[in-house]
1. What residue, of Gln70, Gln12, is within 16 Å of ligand 2 (Cβ to nearest atom) and surrounded by fewer than 18 Cβ atoms within 10 Å (Cβ to Cβ)?
2. What are the residues in the stretch 54-71 that are touching a helix residue (DSSP H, G or I) at 6+ places or on another chain (Cβ under 8 Å) and either assigned to a loop (DSSP other than H, G, I, E, B) or within 12 Å of ligand 3 (Cβ to nearest atom) (or both), if any?
3. Given the conditions (1) within 18 Å of the chain's Cα centre (by Cα); (2) surrounded by fewer than 16 Cβ atoms within 10 Å (Cβ to Cβ); (3) within 16 Å of ligand 1 (Cβ to nearest atom), which single one is not true for Lys139?
4. Need a quick list: strands (runs of 3 or more DSSP E) entirely within the stretch 312-417 having at least 3 residues that are crowded, with 16+ Cβ neighbours inside 10 Å and of a type in the set (Phe, Trp, Tyr).
5. Cβ-Cβ below 7 Å, separation at least six or inter-chain, first residue in the stretch 138-164 and outside any helix (DSSP H, G or I), second of a type in the set (Phe, Trp, Tyr) and more than 6 Å from ligand 2 (Cβ to nearest atom): which pairs?
6. Just one of Arg310, Arg282, Arg287 is outside the structural domain of Glu397 (by TED's automatic domain parsing), farther than 19 Å from Pro237 by Cα and not aliphatic (A, V, I, L, M); which is it?
7. Conditions first: (1) more than 25 Å from Glu55 (Cβ to Cβ); (2) in a helix (DSSP H, G or I); (3) without any contact (Cβ under 8 Å) to a residue 12 or more places away in the chain. Pro289 passes all but one, so which condition is the exception?
8. Among the residues that make up the stretch 233-252, is at least one of them in contact with a strand residue (DSSP E or B) (Cβ under 9 Å, 6 or more places away or on another chain) and either acidic (Asp, Glu) or closer than 27 Å to Val344 by Cα (or both)?
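The values are calculated or read from the model by the stated rules, or taken from the named source; none is laboratory data. Only a predicted model underlies this, so the values are computations on that prediction, with no experimental measurement involved. Don't worry about glycine lacking a Cβ; one is built from the backbone with ideal geometry, like all the others, and counts go over all protein chains shown.
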Amino acid sequence: MPKVWIDTFGCQMNEWDSQAMLGILRQKGWEPSSSPLDADLLIINTCSVRKKPEEKALSELGYLAKLKTQKPHILLGVAGCMAQRMGEELLHRFPAVDFLLGTGQVQNIASIVEEARTKKIVALDINGCSPPLPTLREKNFQAYLPIIFGCNNFCSYCIVPFVRGRERSRPLEEIVEEAKRLVDEGVIEIILLGQNVNAYGKDLGNTRSFPDLLYALGKLPIKRIKFTTSHPRDFSPQLIEAIASVPQVCHWIHLPIQAGDDKILQLMRRGYTVSYYKELVRKIRERIPDVSLTTDVMVGFPGEGKEEFRNTLRTFEEIEFDQAFMFAFSPRPGTLAEKLPEQVEQEEKMSRLRELIVLQNEISRRKNMRLVGRSMEVLVEGEDPKGKGLLMGKTREHKTVIFPGNKKLIGKLLRVKAEEAFLWGFRGKIEDEEREGKG
Ligand code: SAM
Ligand code: SF4
Ligand code: F3S
């Protein structure tokens, strides 16, 4: 059987795209490979959100192109957001590349690979993709389920709307059908995906909403439902109610704030203020007291002076997120923010980033300390890569727990007692084996 190797950069959307490419290719007789050295088809699925993942992909592409000079029969393809953004420029820089596959072309991977045997293929389309698609997942107990593709928001810093196209919600019935199939296959946890899941249904004439979808999925025998990402502007009271009342919906909300200063939020075109965001958090915590809140934030956005950065620090102290993904602003070609005046020096960005990380790490550790002694429901995801005989799992609040246990427990729901807290999560001890989740 011919072998395919895919390396995936970027977000969960890209991970799902890679799983779908593998699923489709497997149906055509391709076998997945864990190494580029013994594969006949090499694909890198790229990300453009910041400069760094692009640089990494480009350097890897250089390596793969060299590999191809030694084994000319190999096919080399670039998929995903950077393929979409750079287009034919990639073919000029890397003549060894046989095909470019845009974000809306995932469903056509098999025919594109066949065509690429005889000529260079440039298949760039951002508004396609027609699920349901077969997927090949690493874990049979956990699955991504995309509910909406693309993004209409055009936040001023963001490349995603340019490379992923406009919002396309999948029909509710189709999503429920796919969820049923996943449950039949033994999936315990479904993670609903979208750049902004709260926009679900807007393009369907608002006949269906994200809360409607959660209620519909709640009727299935799923143990856990998680979702990401939520845009604060579109987070409705009905959604808070749905999360609180559908038992399988986990109490973890990823709610990117991006900045803790009104001037910067406006320049970012986020559509909310800091006080709106704080009020939303208050309402969420009032209705769902055990909720875990995570966020994304950027420092060094154009126009961010010392005062604006202080406001972000203060906002972080006030809100106390459970965890944050913190980035230095990276100008992206063609976005509005790239052209804004008052760009911040790289060194200053890095120094602000370090300061924010120190603050947030302290908050994460402190928040986790408060949970020591608690019994938590954990889905065992795998072995802890760092320690022999240790397993790693996630709680319903999406916190990481590491504990001693047998490999046979991977894929099971257990109750684990948190014994020691760290900024990344907990070390714990299994209490008993629990096959029935809360749902
Ligand atoms: N759709 C999600 C949202 O609205 O929050 C996620 C978008 S992006 C895939 C993930 C995160 O990358 C963003 O939340 C943002 O913090 C960060 N990001 C996006 N563009 C960036 C840029 N130009 N420079 C640095 N970070 C960026
Ligand atoms: Fe990018 Fe904003 Fe869309 Fe998120 S909501 S993908 S940050 S444009
Ligand atoms: Fe995701 Fe990166 Fe594309 S974050 S949507 S893979 S630009």
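1. Numbers: Gln70 fails: within 16 Å of ligand 2 (Cβ to nearest atom).
On inspection, the qualifying residue turns out to be Gln12.
2. Within the stretch 54-71, Glu54, Ala57 qualify.
3. (3)
4. Numbers: elements: 323-328, 375-383, 390-395, 400-404.
Per the criteria, no element qualifies.
5. If the second residue must be of a type in the set (Phe, Trp, Tyr) and more than 6 Å from ligand 2 (Cβ to nearest atom), the pairs left are Tyr144/Trp16; Pro146/Trp16; Ile147/Tyr200; Ile148/Tyr200; Tyr157/Phe301; Tyr157/Phe329.
6. Details: Arg282 fails: farther than 19 Å from Pro237 by Cα; Arg287 fails: farther than 19 Å from Pro237 by Cα.
Testing whether each residue is outside the structural domain of Glu397 (by TED's automatic domain parsing), farther than 19 Å from Pro237 by Cα and not aliphatic (A, V, I, L, M) leaves just Arg310.
7. In the conditions (1) more than 25 Å from Glu55 (Cβ to Cβ); (2) in a helix (DSSP H, G or I); (3) without any contact (Cβ under 8 Å) to a residue 12 or more places away in the chain, Pro289 misses (2) alone.
8. no
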